[in-house]
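Quick notes on the structure that follows.
The values are calculated or read from the model by the stated rules, or taken from the named source; none is laboratory data. Keep in mind that this is a model prediction, so the values were computed, not measured. Reconstructed Cβ throughout: ideal geometry from the backbone, glycine too, with neighbour counts over all protein chains shown. Side chains are part of the model used for accessible areas, which takes the heavy atoms of the whole protein and leaves out ligands, DNA and RNA. Shrake-Rupley method; radii C 1.70, N 1.55, O 1.52, S 1.80 Å.
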Amino acid sequence: AMETTVTNVGQSQTRPVIIATAVAIVSILLIVFMTFLVVTLTITQRLGRLAFLTRKFAAGDTSVRAETIGRDEIQLVATSMNLMLENIVSLIRAAERQRDELQTQVEKLLGEVSGVGEGDLSVQAQVTAGTLGALADSFNYMIEELSNLVVRVKMVAGEVENGTAMTLERTTQLVSSADTQISQIRQATTEV
């Protein structure tokens, strides 16, 4: 009797099990789909926006910032990215300021030393504590040494001029002495 009862399970008894199994499968699929939607909306899209932001920043748009919504790890990443972007922008601005200051110092130095090209060796570049201070000091030293060299060349040229004048004077004396001797020889020849 038991065997007959067990083997005579009908549709009325298996249908609820099949329906319950189908409902369970649909419920599991619905839960998986809902989890997928939640992950997509909360993680994937926000990470995609962060990636897009980094591409825009890399392309040169320094005004972009990440949205800091929520209290999760992605919000921490977004906040850290915003701080990093602020630091990068401040470093870029500092580098631009330094470049502008250096360019101003170079232009000033060139203005100060432009007279050297025209022969003015009294020019002195202003020595500052800035980046070009050592260069200005070296330039001043070079101009001073060049000026000293010019003074020495002038002194040597003066000595050469004096030596030449003395040589001319002695040569003139020798010529005069030779003329006197020639005239004395003529006189002696005439007397002889």
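For segment 163-192, how many residues meet the condition of being under 60 Å from the mean Cα position of the chain (by Cα) and either open to solvent by less than 70 Å² (accessible area, probe 1.4 Å) or closer than 26 Å to Gly119 by Cα (or both)?
Number of matching residues: 1.
Failed condition for Gly130, given (1) open to solvent by 50 Å² or more (accessible area, probe 1.4 Å); (2) within 30 Å of Thr62 (Cα to Cα); (3) outside any helix (DSSP H, G or I), with all others met?
Failing condition for Gly130: (1).
Within segment 30-61, which residues are on the phi < 0 side of the Ramachandran plot, open to solvent by less than 60 Å² (accessible area, probe 1.4 Å) and in a loop (DSSP other than H, G, I, E, B)?
Scanning segment 30-61 gives a single hit, Asp61.
Among the numbered conditions (1) open to solvent by 80 Å² or more (accessible area, probe 1.4 Å); (2) closer than 30 Å to Arg55 by Cα, tell me where Ser122 comes up short.
(2)
From (1) within 46 Å of the chain's Cα centre (by Cα); (2) small (Gly, Ala, Ser); (3) surrounded by 10 or more Cβ atoms within 10 Å (Cβ to Cβ), pick out the condition that doesn't hold for Ala24.
Result: Ala24 fails condition (1) only.
Out of everything in segment 132-150 that is of a type in the set (Ser, Thr, Tyr) and modelled with pLDDT under 85, what residue ends up being nearest to the chain's Cα centre (by Cα)? So that I can check it myself, show each step before the final result.
Initially, segment 132-150 is screened for residues of a type in the set (Ser, Thr, Tyr), giving 138, 141, 147.
From the residues that got through so far, the ones that are modelled with pLDDT under 85 too are 138, 147.
Working: Ser138: 24, Ser147: 36 Å.
Ranking the candidates gives Ser138 first.
When Leu76 is evaluated against the numbered criteria (1) over 30 Å from Ile43 (Cβ atoms); (2) more than 29 Å from the chain's Cα centre (by Cα); (3) among the aliphatic types (A, V, I, L, M); (4) part of a helix (DSSP H, G or I), which criterion, by number, is the only one it fails?
Just one mismatch for Leu76, condition (1).
Any residue in segment 90-102 that's part of a helix (DSSP H, G or I): show its pairings with residues that are of a type in the set (Val, Ile, Thr) and surrounded by 11 or more Cβ atoms within 10 Å (Cβ to Cβ) at Cβ separation under 9 Å, as long as the two are six or more apart or on different chains.
Sorted first by the residue in segment 90-102, then by its partner, the pairs are Ile92/Thr62; Gln98/Thr131; Glu101/Thr131; Leu102/Thr131.
Would you confirm whether or not segment 151-158 contains a residue that is surrounded by 10 or more Cβ atoms within 10 Å (Cβ to Cβ) and either under 30 Å from Thr62 (Cβ atoms) or modelled with pLDDT under 90 (or both)?
yes
Return yes or no: is Thr68 within 20 Å of the chain's Cα centre (by Cα), of a type in the set (Ser, Thr, Tyr) and either surrounded by 11 or more Cβ atoms within 10 Å (Cβ to Cβ) or within 30 Å of Thr42 (Cα to Cα) (or both)?
Values: within 20 Å of the chain's Cα centre (by Cα): no; of a type in the set (Ser, Thr, Tyr): yes; either surrounded by 11 or more Cβ atoms within 10 Å (Cβ to Cβ) or within 30 Å of Thr42 (Cα to Cα) (or both): yes.
In short, no.
Is there a residue in segment 100-112 that is at pLDDT 90 or above and either farther than 30 Å from Ser147 by Cβ or open to solvent by 80 Å² or more (accessible area, probe 1.4 Å) (or both)?
Among the residues of segment 100-112, at least one is at pLDDT 90 or above and either farther than 30 Å from Ser147 by Cβ or open to solvent by 80 Å² or more (accessible area, probe 1.4 Å) (or both), which makes the answer yes.
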